[in-house]
Each structure stands twice: as structure tokens, then as C-alpha cells.
1. Here are PHE46, PHE83: which of them is open to solvent by less than 20 Å² (accessible area, probe 1.4 Å), more than 30 Å from PRO276 (Cβ to Cβ) and part of a helix (DSSP H, G or I)?
2. Only one of (1) in contact with an Asp or Glu (Cβ under 7 Å, 6 or more places away or on another chain); (2) surrounded by 14 or more Cβ atoms within 10 Å (Cβ to Cβ) is not met by PRO98, so which one is it?
3. Return the total of residues in segment 340-360 being of a type outside the set (Phe, Trp, Tyr), out of contact with any helix residue (DSSP H, G or I) (no Cβ under 7 Å at 6 or more places or on another chain) and free of Cβ contacts under 8 Å to residues at least 60 places away in the same chain.
4. Could we say that LEU63 is more than 30 Å from GLY406 (Cα to Cα), surrounded by fewer than 13 Cβ atoms within 10 Å (Cβ to Cβ) and modelled with pLDDT of 95 or more here?
5. Which residues, taken from segment 102-143, are open to solvent by 60 Å² or more (accessible area, probe 1.4 Å) and either part of a loop (DSSP other than H, G, I, E, B) or touching a Leu at 6+ places or on another chain (Cβ under 8 Å) (or both)?
6. For LYS165, which of the numbered conditions (1) within 19 Å of the chain's Cα centre (by Cα); (2) at pLDDT 80 or above fails to hold?
7. Can you confirm whether LYS255 is open to solvent by 30 Å² or more (accessible area, probe 1.4 Å) and at pLDDT 80 or above?
8. Starting from segment 149-163, take each residue that is free of Cβ contacts under 8 Å to residues at least 40 places away in the same chain and list its partners that are charged (D, E, K, R) and open to solvent by less than 70 Å² (accessible area, probe 1.4 Å), counting only C-beta distances under 8 angstrom and pairs at least six apart or across chains.
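The values are calculated or read from the model by the stated rules, or taken from the named source; none is laboratory data. The structure presented is a predicted model; accordingly, all values stated were derived computationally and were not measured. For neighbour counting, all protein chains shown are included, and Cβ atoms are generated from backbone atoms with ideal geometry for every residue, glycine included. The area values use the complete protein model at the heavy-atom level, side chains included, leaving out ligands, DNA and RNA. Shrake-Rupley method; radii C 1.70, N 1.55, O 1.52, S 1.80 Å.
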Amino acid sequence: MLRMEIALFFVLAFVAYIYFSAEWRTTLLHKVFSVLLIVMMVHLLFDAATIYTVNHLDTVPVLLNDILHRFFIGTMVIAVYLFYQYIAVLVEEETGQPRQLDKAARLYLLVALLGVLLLPVHYAVTPQGNYSDGIHASLCYVSMAFYLFLCVWLLVRSWKRIDKKKKLAIGAAFVIEVGVSLLQAVNPTWLISGMGLTLMTLAFYLTLENPDIYRAELIEQKMSMLYLKSQVNPHFLYNTLDTIRIQAQLNGDKKVADLLMQLVDFFRLSVKVDKPMVSLDDELELVEAYMELMCYRYPKLQFVHDIDPDLGGMQVPNFILQPIVENSLLHGLKNKGYQGEVRIFAQKTADEHLEICVCDTGSGFGEGKKELIDQMLMNYAKQAPKLEGNSIGILNVQKRIKMLCGREFGLCYTENPTGGVTAHLLLPMKEEMK
């Protein structure tokens with residue numbers, strides 16, 4: 001058994017090396033899994049140590065044996081708690097509902113760790129091998145049952161709203177751990193508890209936290225962004241060129257040159273895809289070039305922006321504002337003959353995030369339209385990147401924000417009291433590294 005624990009430790013150490021060397025965005029889910037990996041490696045070290053000491057009770061001092069067993073049980077309780085936390089965060093990200101069982105989970109963790117420190121440790125000596133038993137060892141089974149119950153409760157409440165792949169991963173991990181726990185209970189001398197927790201960790205790593213899967217998702221999002229940029233609304237291009245043609249017939253060359261310059265600037269900026277994150281100032285420069293053309297075409301259209309200079313250097317995902325502004329025109333102001341205003345402003349939120357708002361004075365959402373948009377943005381992960389249709393812009397914007405910034409950030413819409421809608425883009429406060 002000692003060899004098995006050592007082998008499991010090296011397997012997790014290799015997984016940890018691959019995991020921590022990958023270029024991950026910093027999210028709560030990633031942080032929880034990172035801590036879980038470290039705790040599991042520490043737990044396996046104590047597991048290996050106690051397998052040796054419990055089978056050498058005649059030579060190992062009782063005090064040392066007790067101390068090692070308390071660390072072994074304590075790290076196991078913490079690991080099971082972290083499994084619960086990982087699933088709780090995952091469910092929260094999938095459903096958007098806040099975690100409601102955290103207080104109970106933390107309270108039990110405190111009580112269990114006090115039990116680990118204070119309860120007496122007993123050992124059973126048998127011809128097949130020795131093992132710890134009694135109330136202290138029972139903390140393992142009670143903790144596993146308690147946290148599995150919390151996880152099952154979370155999953156049952158939100159089962160239909162969780163991605164199928166994630167449900168399968170969690171289900172497989174549960175089956176593994178319950179099976180190993182039952183085998184350990186029936187055959188306590190087998191000492192295989194560490195194997196069950198390690199297999200649960202590997203199940204989550206291989207299906208949910210694998211860096212290769214993450215990189216594949218990044219490539220998918222980048223391809224979606226490239227496609228979106230290559231598919232700038234052809235009507236906009238044709239109508240603008242037609243406006244230039246008519247203006248050339250009616251006026252002198254200066255205005256034609258100005259329009260051509262704005263058109264060239266827009267396409268020059270829109271094809272800058274060398275990096276996924278750009279400064280907010282760069283994003284606004286692209287939107288300004290686009291809106292100057294649109295305002296020239298529709299003289300009663302107005303565009304204003306109010307950005308604190310201190311926020312201009314904040315890093316935002318590339319090409320997220322122009323699709324939102326274009327949506328405001330095509331689905332809001334178009335119905336009003338392109339008469340009205342599009343306004344962009346940015347502010348720092350109370351929790352130190354960046355909020356960019358795109359507000360229009362258009363006709364607002366039609367009946368039932370907002371609910372459809374809300375559902376689409378909430379369930380963005382379950383929808384393939386769209387290559388056509390009215391929602392191509394906002395869906396791809398949502399996917400790229402979630403991918404590049406974290407699932408706690410993203411896009412949502414509200415209706416304005418005086419008419420029109422406002423798009424809210426919540427992003428992290430992150431400046432470019434010098």
C-alpha cells in the first residue's frame with residue numbers, strides 16, 4: 001500500500017506541474033482547484049507516513065503516530081471540503097445563483113478540525129494489518145457523507161442548468177469516491193482512502209481543468225472573433241461606399257477624402273488581431289471611426305463618450321464595443337430613423353471592477369425580446385459560436401469576455417426608463433504590463 005500512495009503522489013505532482021505551468025486566467029474556480037491539488041499532495045504524504053507507522057506500532061512512538069494520524073485525517077477533511085467548494089463554485093458559475101450552503105460547510109469544517117485535534121486516536125491490530133479506528137477515524141466517513149450530501153443537494157437543485165460534460169465529470173467522481181469509501185469501510189486494512197480522493201481529483205482535472213481543453217476553447221474563441229471581424233456587416237460597407245459615391249458627385253474631393261480616411265481607419269483598426277487584449281482607448285478609437293461614418297450617413301445620429309482618462313489604459317478584450325454599438329443602431333435606432341444618441345461611458349464599480357456602458361435612445365426591446373437575450377447570455381456556454389443571425393455580435397462578445405476575463409465578468413442589458421437600452425460590460429481592472 002505504501003508504494004501505491006507514493007505512486008499517487010508522483011502522479012498528482014506531475015499533474016500539478018502541467019496545471020501550474022499552463023497560462024491560466026485567474027478565476028475562483030481555478031484558485032479552488034489549485035489549492036485542492038496542493039492539499040491532496042500534502043495529504044498523500046501523510047497517508048504514506050501513517051501507512052508505515054500504523055504497521056510499526058511497536059517501534060514508532062505513540063505520540064508521533066498520533067500526530068501523523070491527526071494530520072492525515074485533517075488534510076482529508078480539508079480536501080473533501082475543497083471538493084465541495086469546487087462543485088459549489090462550478091454550479092454558481094453555471095446557474096448564476098449565489099452559493100447558499102457555504103456557511104454550513106465552513107461550520108462543519110471548523111467542528112471537524114476541532115475533532116481532529118481533540119478526539120482520541122485508537123488503533124486496531126489484526127493479522128491482516130493494522131489501521132486506525134474509533135471515533136477519530138470515523139471523522140473521515142462522516143465528513144465524506146456530509147459534503148457529498150451538500151454537493152448532491154446543489155446538483156439536484158440545478159441539474160437541468162448544468163452543462164452535460166460537467167454533470168458527467170461530477171457524477172463519475174462521486175461514483176469513484178463512494179465506491180472506494182465502501183470498500184474501505186468493508187475492508188479497513190486496505191487503506192485505500194487516498195486512492196479515492198486522488199481519482200476524484202484526476203476526474204476533475206481530465207474533464208474540467210485540463211489545460212489542453214482550455215487552450216482548445218481559447219482557439220475556438222479566437223476563431224470566432226476572427227470570423228466576426230471578417231464578416232463586418234456588408235450592408236454597412238456597401239451603403240457607406242454608396243454614400244461616398246453620391247457625395248463625390250455632389251461635392252468636392254475634401255469630404256470624399258475625409259470619408260475615405262474614416263473608412264480606411266475603421267478597417268485598419270478592426271483587423272488588429274495580434275493580441276486578444278487591448279487598451280480601452282484603442283477600442284474607443286475603433287468605435288469612433290465607425291460612428292463618424294454612421295453619423296455622416298445619418299446626420300441626426302449623435303455619438304458621445306465620457307471616459308475617465310485614468311481608465312483609458314485598462315485592458316479589455318479586443319473588438320467588444322463595436323458589435324455592441326452596431327446592435328444599438330440596427331435593433332434600436334433603426335426603428336426611429338436613426339435619430340437619437342449612442343453614448344459610451346466607463347466607471348469603476350464599488351468592488352474595484354471596470355464597467356463600460358453603451359446606452360442608446362432607440363426603441364428598446366420588443367415584447368419578450370429581453371428575456372430571450374438574457375437567456376442567451378446566461379447560457380452562453382451551451383451554445384456554439386454563431387456565424388450568422390442577429391445575435392452573433394453579443395454572443396461572441398459574451399463568450400470572449402468569459403473566456404479571457406473569467407466567468408464572473410460579462411455582458412448584460414437593462415432597459416432605460418426614458419427609452420432605449422443600455423449594455424453593461426463588467427470587466428476586471430487590469431492595466432497593460434509595461
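1. Values: PHE46 fails: open to solvent by less than 20 Å² (accessible area, probe 1.4 Å).
Answer to the selection: PHE83.
2. It is condition (2) that PRO98 fails.
3. The qualifying residues number 5.
4. Values: more than 30 Å from GLY406 (Cα to Cα): yes; surrounded by fewer than 13 Cβ atoms within 10 Å (Cβ to Cβ): yes; modelled with pLDDT of 95 or more: no.
It is false that LEU63 is more than 30 Å from GLY406 (Cα to Cα), surrounded by fewer than 13 Cβ atoms within 10 Å (Cβ to Cβ) and modelled with pLDDT of 95 or more.
5. We begin by selecting, within segment 102-143, every residue open to solvent by 60 Å² or more (accessible area, probe 1.4 Å); these are 103, 106-107, 110-111, 114, 117-118, 120, 122, 125, 127-128, 135, 141-142.
Once the filter is applied, which keeps residues that are open to solvent by 60 Å² or more (accessible area, probe 1.4 Å) and either part of a loop (DSSP other than H, G, I, E, B) or touching a Leu at 6+ places or on another chain (Cβ under 8 Å) (or both), segment 102-143 yields PRO120, VAL125, PRO127, GLN128, ILE135.
6. Status for LYS165: all satisfied but (2).
7. On the way: open to solvent by 30 Å² or more (accessible area, probe 1.4 Å): yes; at pLDDT 80 or above: no.
So LYS255 does not fit the description; no.
8. TRP159/LYS167
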